[in-house]
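Since the structure comes first, as structure tokens, the remarks are kept for the end.
The values are calculated or read from the model by the stated rules, or taken from the named source; none is laboratory data. All values reported here derive from a predicted model rather than from experimental measurement. In this analysis, Cβ positions are derived from the backbone assuming ideal geometry, glycine residues included, and neighbour counts consider all displayed protein chains.
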Amino acid sequence: MNRRKLKSVAASIRQRLLNQARRSNRPFNELLHYFAMERFLYRLWKSPHAERFVLKGGLMLAMWRLSHTRPTRGIDFLGQMTGDIERLVGIAEEICRQEVEPDGLSGDPGNVRTAGARG
């Protein structure tokens, strides 16, 4: 896909998210963040690694559309695999490169970072 078309897809999605934020009286950045997380999950689902991860935490509750959930900033997984941090980074990089229909997002595999798990 050429850059011009990708920009128009991104602009269209941005406008739809902005309209939804106004209609629902929710912060635009919150909806944008949820959209990006959802599309990451879609890329994971399309990848050969989908069966190795189980979604958990606040985003799982949001996906179930349970009321009164607080906004979440990250994706929590239960990983059904063995391996080290470098292996997980490699999987995340593969997910960023996963081909999907245009959604206005592009993941930069070179920017994958890790952080220690919180208790």
> Among the residues of the range 85-102, how many are of a type in the set (Val, Ile, Thr), out of contact with any His (no Cβ under 8 Å at 6 or more places or on another chain) and within 16 Å of PHE53 (Cα to Cα)?
Replying inline: 2
>> ILE75 - would you say it is in contact with a Gly (Cβ under 8 Å, 6 or more places away or on another chain), among the hydrophobic types (A, V, I, L, M, F, W, C), surrounded by 15 or more Cβ atoms within 10 Å (Cβ to Cβ) and at pLDDT below 90?
In response: yes
> Across the range 25-47, what is the total count of residues that are under 13 Å from GLU99 (Cα atoms) and hydroxyl-bearing (Ser, Thr, Tyr)?
Replying inline: 2
